[in-house]
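Only one structure is covered here, and it is reproduced in the block below.
The values are calculated or read from the model by the stated rules, or taken from the named source; none is laboratory data. Remember, predicted model here, so these are calculated numbers, not experimental data. Backbone-built Cβ (ideal geometry, glycine too); neighbour counts: all protein chains shown.
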Amino acid sequence: MYRMLEFSGVSYDYPGHGTDQPALTDMTCSIGQGEIVALLGANGSGKSTLVRLSNGILVPSAGTVRVDGIPTDDDELIWEVRSRVGVVFQNPDNQIVGTVVEEEVAFGPENLGVKRNELRSRVDEALAAVGLTGLERREPHLLSGGQKQRLAIAGALAMRPGYLVLDEPTSMLDPAGRSDVLGIIDRLRDSGTGILHVTHHLADTLGADRVLVLHKGRLVYEGLPDELLFGALDLTALGLRLPAAMRFAEELRRQGVTLTARARDASSIGEALWG
Amino acid sequence: MGLKLTDISHTYAPTTPFAVEALANIDLNIEVGRTLVILGPTGSGKSTLLGIACGLVRPTLGSLALDGVNDAGVLVGREAGVGLVFQAPENQLFAEFVLDDVAFGPLNLGLGREAALERARDSLPAVGMDPAVFGDRSPFALSGGEARRVALAGVLAMKPAYLLLDEPTAGLDARGRDGVLAVLDELAPTTGIVIVTHDAEEFLGRADDVLVLAQGRSEYWGPVEGLLANPAPLLAAGLVLPDVVRVLHDARDVGVPIELFTADPVRAARILAAGLAKVRS
Ligand SMILES: Nc1ncnc2c1ncn2[C@@H]1O[C@H](COP(=O)(O)OP(=O)(O)OP(=O)(O)O)[C@@H](O)[C@H]1O
Ligand SMILES: Nc1ncnc2c1ncn2[C@@H]1O[C@H](COP(=O)(O)OP(=O)(O)OP(=O)(O)O)[C@@H](O)[C@H]1O
Ligand SMILES: [Mg+2]
Ligand SMILES: [Mg+2]
């Protein structure tokens, strides 16, 4: 049996949602071990719904979600599922339950039965990874927006799940925090974790192995990041836009400047222009 | 005229062991017709400063004046024409239906119910939401980006003279971002706009002034061009130079004449192309 997080023909309709189309329709995709899959799509396209389906917070109206073969809709197995899939939700306020920062981070692994002394090292390590060392005794609701977001990420890291699902984990982070998180994701991939990374920023997808795009609840694209960035897809229609550096490169070409390389950031543009 | 903050310092939980110094000695002028961007790393005091500027948080030290009226701490507020869009839009939504949520602000300003609903129906499309589709939905059963748009619409509907926005485009898709930028462009001449953002690329291109905060202190306050031409304060604050601006600096370093440093990708490309053409001729 393959070890993966697997969505097969999944649909989801919120009760009393009030619009004619379900939030998610016939979604089939998988996240393997040691793989980063980026998930893009316009507001309301179904990304967070997919996230909630990934660890059994929601169960599909049709189709199945399986984690290493375990279905998410079996009440008896739900903790098996939750111990394998860590989720960082879009709004950290909805996730944070602890009364102080270190308790918040310890909460997940404690529930998994991690012993006291290991707990300490996991908490310290996770807080260090997101740059919150020193704030252990702070009350979470007194943190800034970005600090809360970092805390939510630390909580999921401390569980060391086989699959990590992140719903716009960098939306409130400064540029350094953002590259920290991308670095963490990279390292987790290298150590065998399967990652689903929801984002609105195409620049965030450059390090992904695959990219999925949702449109009105349906999967409309699956492929390599480069194919999406340099391909023929109508990005605007999908609620997407090229990263600023690529728009800059596009305008340079329009102004008659020759750029040979596939320019995607400052260094590749610089290289193309003055070597 | 204007919203003036003088020598503002703020400490949370002062005189307790948990005291946090969030701001120290900040001066700021917010003027109608000008757009100010506030940049700063996580926890540098940006949201605290917006809270103080709209009268939600009383600063530990320092004074506020709104349109010449001193100690606006008690005067400043939505009624007085300062609107704040919170960092977490969910904290701002409360009504049973989206349309009522958006109409609440205008109602509170003393508009009649019909006039308030009218404002709501006008401001929802401005953020890309069809009132016919979303008007009678619950604000708590929306996607993250939809919730942020509703929160924005609620503040826009009050037409405040001073509009403070805490990361207004975080979580918005490209169309939503363009929509918000278009609204801001439209309001800019008649509104004092303050934008807290991590997306320097998106906003520096359209701002007049910029404040760079680091650990509650001002590293820079002045015109955007000045900061982009000499970005040392940005780097000192632990922030990075937008990619586009970096290319302009690299170009100048290799001898390409650059007439102006801007973060707007299209304008920056034109400036670089002009410089390259000069080098060739
Ligand atoms: N609790 C809910 N009840 C009813 N409908 C909901 C609920 N949450 C989301 N929806 C609707 O389901 C659809 C998909 O929402 P979802 O949150 O999955 O979108 P998303 O892609 O995550 O969007 P965003 O980029 O704005 O976060 C939207 O039309 C939304 O309005
Ligand atoms: N209610 C509070 N009580 C105590 N400390 C607080 C409170 N709110 C914020 N702080 C602290 O004050 C400092 C400034 O917080 P603020 O929310 O203003 O930062 P910010 O610049 O908006 O950060 P971010 O980019 O993460 O939103 C941080 O160290 C934060 O932890
Ligand atoms: Mg979402
Ligand atoms: Mg903030």
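Laid out as a table, the results:
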| quantity | calculated |
| --- | --- |
| Any strands (runs of 3 or more DSSP E) falling wholly within the stretch A:1-110 and containing at least 3 residues that are over 23 Å from A:Ile184 (Cβ atoms) | A:4-12, A:24-32, A:62-67 |
| Some residue of the stretch B:78-97 being assigned to a helix (DSSP H, G or I) and farther than 21 Å from B:Gly154 by Cα | no |
| Of all residues making up the stretch A:51-81, the number that are modelled with pLDDT of 95 or more and within 30 Å of A:Leu135 (Cα to Cα) | 4 |
| Count - residues of the stretch A:9-65 that are surrounded by fewer than 17 Cβ atoms within 10 Å (Cβ to Cβ) and either at positive phi or not assigned by TED's automatic domain parsing to the domain that holds A:Val220 (or both) | 5 |
| Selection status of B:Leu164, in a strand (DSSP E or B), among the aliphatic types (A, V, I, L, M), touching a residue at least 40 places away in the same chain (Cβ under 8 Å) and over 19 Å from A:Gly16 (Cβ atoms) | yes |
| The stretch A:257-275 - residue that is in a loop (DSSP other than H, G, I, E, B) and more than 7 Å from chain B (Cβ to nearest Cβ) and, of those, surrounded by the fewest Cβ atoms within 10 Å (Cβ to Cβ) | A:Gly275 |
| Spans of helices (runs of 4 or more DSSP H) in the stretch B:172-274 with at least 3 residues within 14 Å of chain A (Cβ to nearest Cβ) and surrounded by 19 or more Cβ atoms within 10 Å (Cβ to Cβ) | B:174-187, B:200-203, B:243-253 |
| Close pairs from the stretch B:4-31: first at positive phi, partner acidic (Asp, Glu) and modelled with pLDDT of 95 or more, Cβ under 7 Å, at least 6 apart | B:Asp7/B:Asp27; B:Asn25/B:Asp7 |
| Subset of the stretch B:123-175 [within 16 Å of ligand 2 (Cβ to nearest atom) and hydroxyl-bearing (Ser, Thr, Tyr)] | B:Thr169 |
| A:Ala152, sole failed condition from (1) over 23 Å from A:Arg66 (Cβ atoms); (2) in contact (Cβ under 8 Å) with a residue 40 or more places away in the chain; (3) away from ligand 4 (no atom under 16 Å from the Cβ); (4) hydrophobic (A, V, I, L, M, F, W, C) | (3) |
| Selection count where residues are under 12 Å from the mean Cα position of the chain (by Cα), within 16 Å of ligand 3 (Cβ to nearest atom) and more than 12 Å from every other protein chain (Cβ to nearest Cβ), scope the stretch B:151-171 | 0 |
| Within the stretch A:15-43, tally of residues that are within 14 Å of another protein chain (Cβ to nearest Cβ) and at pLDDT 95 or above | 7 |
| Breaking point among (1) without any contact (Cβ under 8 Å) to a residue 24 or more places away in the chain; (2) away from ligand 2 (no atom under 16 Å from the Cβ); (3) among the polar types (S, T, N, Q); (4) out of contact with any strand residue (DSSP E or B) (no Cβ under 6 Å at 6 or more places or on another chain), for A:Asn43 | (1) |
| Among residues of the stretch B:136-150, those that are more than 10 Å from chain A (Cβ to nearest Cβ) and surrounded by 19 or more Cβ atoms within 10 Å (Cβ to Cβ), counted | 2 |
